[in-house]
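What follows is a set of notes on a single structure, which appears directly below.
The values are calculated or read from the model by the stated rules, or taken from the named source; none is laboratory data. Only a predicted model underlies this, so the values are computations on that prediction, with no experimental measurement involved. All Cβ positions, even for glycine, are placed from backbone atoms using ideal geometry, and neighbour counts span all protein chains on display. The accessibility values were calculated without ligands, DNA or RNA, using every heavy atom of the protein model including side chains. Shrake-Rupley method; radii C 1.70, N 1.55, O 1.52, S 1.80 Å.
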Amino acid sequence: MDLEIYQVDSFTTEAFKGNPAGVCITKNGIAERLMLSIAEEMAVSETAFLSLSDMTLRWFTPKAEVKLCGHGTLAVAHVLTERGLLKQGDQINFETASGTLTALINEATIELDFPSPIINFDVTQPPELLDYLGIEKSKIISFGHFDSKFLIEVDSEKTLRNLQPNFDALKQLNGRGVLVTTRSESDNLDFLSRYFAPWVGVNEDPVTGSAHCALTVYWSEKLGKIQLKGFQASTRGGYVATELLPNGRTKLVGSAVTVIKGTIQVPII
């Protein structure tokens with residue numbers, strides 16, 4: 001069986017920047033174990049699978065399915081636009097494990113409507129986690145928890161950029177993901193972040209759209225503004241514009257570039 005496959009760099013206007021996502025769009029859904037096998041073969045942080053018959057969208061890392069993926073959703077909407085299935089001004093709904101997600105096609109960007117998480121700050125700071133992340137306790141401004149993940153604000157861009165986590169050690173702990181952030185020293189940005197998820201096969205994610213929902217909730221309250229600009233300070237790097245919407249939603253705005261398109265030959269499972 002031959003399936004069309006794409007690789008798209010999300011949250012960037014340049015190839016080889018932002019976060020690469022695999023995209024596989026089929027008329028009907030395919031078997032879950034086939035999706036995982038394709039995600040393993042693509043070997044990027046997430047591969048997105050869209051069934052056009054019911055608009056069901058799922059995302060897989062090379063190791064596991066995830067409930068929410070911003071850059072994968074952006075990549076799917078971008079491919080649909082390139083294929084002529086969507087045009088400027090169109091809005092499309094995807095049915096996902098996190099509910100209905102909406103994408104709006106603009107001239108040069110795509111807007112995603114995602115759920116906003118609740119951040120709980122009444123949590124213990126696990127000392128081993130901080131040690132393996134390489135974060136001194138004195139450098140922590142805030143420590144919270146959302147959607148089975150930790151959110152940590154550190155004191156400076158220098159602290160954030162210099163982090164060199166011990167991923168092998170982190171995998172020995174219970175975890176799902178760690179989002180580290182700091183206020184930006186640039187007038188053009190509000191915050192910076194990095195995201196680590198070795199538990200699902202992604203040591204450091206280049207640009208994490210879903211994490212920017214939590215970042216929007218956090219920095220909107222802290223900075224007293226609803227429209228924000230963030231930069232994920234990974235090696236590839238990527239920019240995400242966000243807006244805190246009413247009714248517990250977050251708008252993510254970004255662009256994408258297709259870098260690979262072709263056919264993958266898979267066994268019928």
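Among the strands (runs of 3 or more DSSP E) confined to the range 1-98, the ones with at least 3 residues that are of a type in the set (S, T, N, Q) are located at 91-96. Being basic (Lys, Arg), open to solvent by 50 Å² or more (accessible area, probe 1.4 Å), touching a residue at least 12 places away in the same chain (Cβ under 8 Å) and farther than 30 Å from Ala241 by Cα holds for only one residue in Lys27, Lys17, and it is Lys27. Check the range 18-28 and report whether any residue there is within 20 Å of Arg194 (Cα to Cα) and hydrophobic (A, V, I, L, M, F, W, C). Among the residues of the range 18-28, at least one is within 20 Å of Arg194 (Cα to Cα) and hydrophobic (A, V, I, L, M, F, W, C), which makes the answer yes. If you check Gly224, Gly230, Gly201 for being at pLDDT below 95 and either under 22 Å from Glu14 (Cβ atoms) or open to solvent by 20 Å² or more (accessible area, probe 1.4 Å) (or both), only one passes: Gly201. Only one entry of Thr235, Thr263 meets the criterion of being open to solvent by 80 Å² or more (accessible area, probe 1.4 Å), over 20 Å from Phe11 (Cα atoms), touching a residue at least 12 places away in the same chain (Cβ under 8 Å) and not aliphatic (A, V, I, L, M), and that entry is Thr263. If you take the residues in the range 95-128 that are out of contact with any helix residue (DSSP H, G or I) (no Cβ under 9 Å at 6 or more places or on another chain) and of a type in the set (S, T, N, Q), which one is surrounded by the fewest Cβ atoms within 10 Å (Cβ to Cβ)? That would be Thr124. Among the residues in the range 220-231, are any part of a strand (DSSP E or B) and under 28 Å from Ala43 (Cα atoms)? Yes; the residues of the range 220-231 include at least one that is part of a strand (DSSP E or B) and under 28 Å from Ala43 (Cα atoms).
Exactly one residue among Leu130, Leu112, Leu104, Leu160 is within 29 Å of Val257 (Cβ to Cβ) and in a helix (DSSP H, G or I), and that residue is Leu160.
The conditions of being open to solvent by 10 Å² or more (accessible area, probe 1.4 Å) and on the phi > 0 side of the Ramachandran plot are met by Ala43.
Set side by side, the residues Ala77, Ala48 differ, and just one is open to solvent by less than 70 Å² (accessible area, probe 1.4 Å) and touching a Gly at 6+ places or on another chain (Cβ under 6 Å), which is Ala48.
State which residue is surrounded by the fewest Cβ atoms within 10 Å (Cβ to Cβ) when the search covers only the range 135-151 and only residues that are in contact with a helix residue (DSSP H, G or I) (Cβ under 8 Å, 6 or more places away or on another chain) and of a type in the set (A, V, I, L, M). Taking the candidates together, the pick is Ile140.
Can you run down the residue pairs with Cβ atoms below 8 Å, 6 or more apart or on separate chains, where the first is in the range 128-142 and within 22 Å of Lys171 (Cβ to Cβ) and of a type in the set (A, V, I, L, M) and the partner is part of a helix (DSSP H, G or I) and open to solvent by 100 Å² or more (accessible area, probe 1.4 Å)? Taking only residues 6 or more apart or on different chains, the pairs are Leu130/Lys137.
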